[in-house]
Amino acid sequence: MRIRKIVTFVEETRREMGQEVSPPTRRAVAAAVIENPFAGRYEPDLSELMEIGAELGGLLGAKCVAALGIAPAQAQSYGKAALVGEAGEIEHAAAILHPGLGAPLRAAVERGAALVPSSKKMGAPGTPLDVPLGHKDAAYVRSHFDGMEVRMNDAPRAGEILVAVAVASAGRPLPRVGGLTHEDAIGEDGLR
């Protein structure tokens with residue numbers, strides 16, 4: 001894997017609609033810009049990208065946890081996304097995100113019974129990438145349906161892929177749409 005750069009960003013919301021958010025909600029995204037080894041050509045075997053995904057899951061997940069300043073077990077939600085440059089294909093993003101990235105990300109946040117929400121797209125440098133977030137152990141926790149946007153003015157270049165992981169230590173600020181709560185989630189089946 002050839003990484004050109006890694007960016008980590010933390011967002012802390014203290015007030016929303018004139019209301020204090022206590023404790024503040026905190027979300028982090030870590031993104032790596034990597035060389036796409038299959039840019040410009042069709043390759044039937046994408047296992048190299050699957051291996052890269054596995055490496056990035058642990059690396060970017062750990063960077064998010066560190067940026068939030070929390071113990072891994074304190075992470076409540078996670079998500080992943082990839083943006084492929086114009087010389088690549090959407091399947092390159094799928095190869096990075098799906099077969100191998102999840103298990104190392106789950107290890108970085110200690111557990112993770114729920115599926116990791118994901119998004120993939122193609123675009124030029126500066127294209128925004130939305131990283132969906134969902135509760136790491138119980139998909140039905142509505143307060144944690146969220147997302148973060150990441151954008152880099154110089155990435156992805158045609159032969160690159162921008163890969164992002166997001167982790168949050170809480171749900172949305174001031175959630176009020178009901179449903180299962182973080183405190184009531186059991187996390188055995190990934191749903192409740």
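The values are calculated or read from the model by the stated rules, or taken from the named source; none is laboratory data. The shown structure was predicted, so the numbers you read here are calculated from the model rather than taken from an experiment. As a convention, Cβ positions derive from the backbone with ideal geometry for all residues, glycine included, and neighbour counts pool all protein chains shown.
Here are some notes:
- Residues of the stretch 1-37 classified as among the small types (Gly, Ala, Ser) and outside any strand (DSSP E or B), total: 1
- Residue match in the stretch 90-102 (condition: under 18 Å from Gly190 (Cβ atoms), crowded, with 20+ Cβ neighbours inside 10 Å and out of contact with any strand residue (DSSP E or B) (no Cβ under 7 Å at 6 or more places or on another chain)): yes
- Taking the stretch 1-33 as the range and being out of contact with any Cys (no Cβ under 6 Å at 6 or more places or on another chain) and among the aliphatic types (A, V, I, L, M) as the test, the residues that pass are Met1, Ile3, Ile6, Val7, Val10, Met17, Val21, Val29, Ala31, Ala32, Val33.
- Answer residue from the stretch 1-23, given it is more than 17 Å from the chain's Cα centre (by Cα) and in contact (Cβ under 8 Å) with a residue 40 or more places away in the chain and is nearest to Pro104 (Cα to Cα) among those: Met1
- Of the criteria (1) in contact with a strand residue (DSSP E or B) (Cβ under 9 Å, 6 or more places away or on another chain); (2) farther than 26 Å from Ala32 by Cβ, which one Arg176 fails: (1)
- Residue check, Gly88 modelled with pLDDT of 95 or more, assigned to a loop (DSSP other than H, G, I, E, B) and closer than 22 Å to Ser47 by Cα: yes
- Criterion: under 13 Å from the mean Cα position of the chain (by Cα) and under 24 Å from Ser143 (Cα atoms) - qualifying residue of Gly69, Gly53, Gly79: Gly79
- Selection within the stretch 116-142: residues that are among the small types (Gly, Ala, Ser) and surrounded by 22 or more Cβ atoms within 10 Å (Cβ to Cβ). The member of this set that is nearest to Gly190 (Cα to Cα) is Ala138.
- Residue match in the stretch 122-135 (condition: of a type outside the set (A, V, I, L, M, F, W, C), in contact with a helix residue (DSSP H, G or I) (Cβ under 9 Å, 6 or more places away or on another chain) and more than 14 Å from His182 (Cβ to Cβ)): no
- Considering Ala94, Ala107, Ala31, the condition of being more than 14 Å from Ile161 (Cα to Cα), under 15 Å from the mean Cα position of the chain (by Cα) and hydrophobic (A, V, I, L, M, F, W, C) is satisfied by Ala107 alone.
- Top-ranked residue in the stretch 35-60 [being surrounded by 24 or more Cβ atoms within 10 Å (Cβ to Cβ) and among the hydrophobic types (A, V, I, L, M, F, W, C); ranked as nearest to Ser169 (Cα to Cα)]: Leu60
- Residue within the stretch 168-176 that is of a type outside the set (Ser, Thr, Tyr) and crowded, with 23+ Cβ neighbours inside 10 Å present: yes
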